[in-house]
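Student: This is the structure, below, for whatever I ask next.
The values are calculated or read from the model by the stated rules, or taken from the named source; none is laboratory data. These numbers were taken from a predicted model, which means no experiment stands behind them. Note that each Cβ is placed from the backbone with ideal geometry, even for glycine, and that neighbours are counted across all protein chains shown.
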Amino acid sequence: MQNKALVISIFSLGLFIFIGSLIISNSIKQIEIQGQNQIEQKQKKQLLSASELAEYLGISDTELSNLLSFENNPGPGEIGISSIEINGKLYYPVKAVDEWLLTGEGKYRKTANE
(Lines give C-alpha, C1' and ligand atoms only; values in the text may rest on other atoms or scores of the structure.)
Protein backbone atom coordinates (compact mmCIF):
# COMPACT_ATOMS: atom_id res chain seq x y z
CA MET A 1 0.00 0.00 0.00
CA GLN A 2 2.78 2.41 0.93
CA ASN A 3 4.70 1.43 -2.20
CA LYS A 4 1.65 2.23 -4.34
CA ALA A 5 1.27 5.67 -2.70
CA LEU A 6 4.99 6.33 -3.19
CA VAL A 7 4.82 5.38 -6.88
CA ILE A 8 1.75 7.59 -7.40
CA SER A 9 3.46 10.50 -5.61
CA ILE A 10 6.63 10.16 -7.69
CA PHE A 11 4.60 9.87 -10.91
CA SER A 12 2.52 12.95 -9.98
CA LEU A 13 5.64 14.94 -9.13
CA GLY A 14 7.21 14.03 -12.47
CA LEU A 15 4.05 14.96 -14.33
CA PHE A 16 3.83 18.36 -12.60
CA ILE A 17 7.50 19.08 -13.33
CA PHE A 18 6.94 18.20 -16.99
CA ILE A 19 3.85 20.41 -17.26
CA GLY A 20 5.65 23.27 -15.49
CA SER A 21 8.61 23.07 -17.85
CA LEU A 22 6.26 23.19 -20.86
CA ILE A 23 4.58 26.32 -19.48
CA ILE A 24 7.94 28.01 -18.80
CA SER A 25 9.37 27.16 -22.24
CA ASN A 26 6.22 28.46 -23.94
CA SER A 27 6.49 31.72 -21.98
CA ILE A 28 10.16 32.11 -22.96
CA LYS A 29 9.30 31.60 -26.63
CA GLN A 30 6.58 34.27 -26.44
CA ILE A 31 9.00 36.75 -24.82
CA GLU A 32 11.60 36.06 -27.54
CA ILE A 33 8.99 36.61 -30.27
CA GLN A 34 7.90 39.91 -28.69
CA GLY A 35 11.53 41.03 -28.47
CA GLN A 36 12.15 40.16 -32.12
CA ASN A 37 9.01 42.06 -33.16
CA GLN A 38 10.17 45.15 -31.26
CA ILE A 39 13.61 44.95 -32.87
CA GLU A 40 12.05 44.56 -36.34
CA GLN A 41 9.79 47.57 -35.76
CA LYS A 42 12.77 49.70 -34.75
CA GLN A 43 14.80 48.46 -37.70
CA LYS A 44 12.09 49.41 -40.20
CA LYS A 45 12.35 53.07 -39.23
CA GLN A 46 15.17 54.83 -41.10
CA LEU A 47 15.15 58.20 -39.30
CA LEU A 48 14.77 58.86 -35.58
CA SER A 49 13.63 62.04 -33.89
CA ALA A 50 15.54 63.16 -30.79
CA SER A 51 13.13 61.43 -28.39
CA GLU A 52 13.20 58.24 -30.49
CA LEU A 53 17.01 58.42 -30.53
CA ALA A 54 17.07 58.66 -26.73
CA GLU A 55 14.84 55.58 -26.50
CA TYR A 56 16.99 53.78 -29.10
CA LEU A 57 20.13 54.52 -27.10
CA GLY A 58 18.45 53.67 -23.80
CA ILE A 59 19.10 57.07 -22.22
CA SER A 60 16.88 59.89 -20.97
CA ASP A 61 15.99 62.92 -23.09
CA THR A 62 18.12 65.08 -20.76
CA GLU A 63 21.14 62.81 -21.19
CA LEU A 64 20.65 62.91 -24.96
CA SER A 65 20.37 66.69 -24.89
CA ASN A 66 23.66 66.90 -22.99
CA LEU A 67 25.28 64.47 -25.42
CA LEU A 68 24.02 66.34 -28.47
CA SER A 69 25.13 69.74 -27.16
CA PHE A 70 28.62 68.27 -26.70
CA GLU A 71 28.57 66.44 -30.03
CA ASN A 72 27.28 69.45 -32.01
CA ASN A 73 30.22 71.51 -30.76
CA PRO A 74 33.00 68.99 -31.25
CA GLY A 75 36.55 69.77 -30.28
CA PRO A 76 39.57 69.32 -32.54
CA GLY A 77 39.48 65.98 -34.36
CA GLU A 78 36.01 65.07 -33.04
CA ILE A 79 32.98 64.43 -35.23
CA GLY A 80 29.39 64.74 -33.99
CA ILE A 81 26.49 62.33 -34.36
CA SER A 82 25.31 62.37 -37.96
CA SER A 83 21.98 64.08 -38.51
CA ILE A 84 19.70 65.31 -41.25
CA GLU A 85 17.73 68.53 -40.93
CA ILE A 86 14.29 68.45 -42.53
CA ASN A 87 12.13 71.57 -42.26
CA GLY A 88 14.17 72.80 -39.31
CA LYS A 89 13.92 69.55 -37.35
CA LEU A 90 16.86 67.21 -36.82
CA TYR A 91 16.57 63.52 -37.56
CA TYR A 92 19.17 60.84 -36.97
CA PRO A 93 19.63 58.01 -39.50
CA VAL A 94 19.58 54.66 -37.72
CA LYS A 95 22.51 53.35 -39.78
CA ALA A 96 24.57 56.44 -38.97
CA VAL A 97 23.75 56.15 -35.26
CA ASP A 98 24.77 52.48 -35.30
CA GLU A 99 28.01 53.42 -37.05
CA TRP A 100 28.63 56.18 -34.50
CA LEU A 101 28.09 53.69 -31.67
CA LEU A 102 30.61 51.29 -33.19
CA THR A 103 33.27 53.78 -34.26
CA GLY A 104 32.58 57.01 -32.37
CA GLU A 105 32.57 58.87 -35.68
CA GLY A 106 29.82 60.37 -37.82
CA LYS A 107 30.13 61.13 -41.51
CA TYR A 108 27.71 63.91 -42.37
CA ARG A 109 25.24 66.55 -41.36
CA LYS A 110 22.86 67.51 -44.12
CA THR A 111 19.88 69.82 -44.43
CA ALA A 112 16.91 69.29 -46.72
CA ASN A 113 17.44 72.78 -48.14
CA GLU A 114 20.87 71.92 -49.66
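Student: What's the number of the only condition in (1) surrounded by 10 or more Cβ atoms within 10 Å (Cβ to Cβ); (2) within 30 Å of Ile84 (Cβ to Cβ); (3) not assigned by TED's automatic domain parsing to the domain that holds Val94 that Glu40 fails to meet?
Tutor: Every listed condition holds for Glu40 apart from (1).
Student: Then there's this: Would you mind listing the helices (runs of 4 or more DSSP H) fully within the range 33-105 where at least 1 residues are modelled with pLDDT under 75 and of a type outside the set (Phe, Trp, Tyr)?
Tutor: 61-71
Student: Can I ask one more? Test Ser12 against the stated conditions and say whether it is among the small types (Gly, Ala, Ser), under 30 Å from Gly88 (Cβ atoms) and surrounded by 10 or more Cβ atoms within 10 Å (Cβ to Cβ).
Tutor: Working: among the small types (Gly, Ala, Ser): yes; under 30 Å from Gly88 (Cβ atoms): no; surrounded by 10 or more Cβ atoms within 10 Å (Cβ to Cβ): yes.
Here the answer is no, as Ser12 does not meet what is asked.
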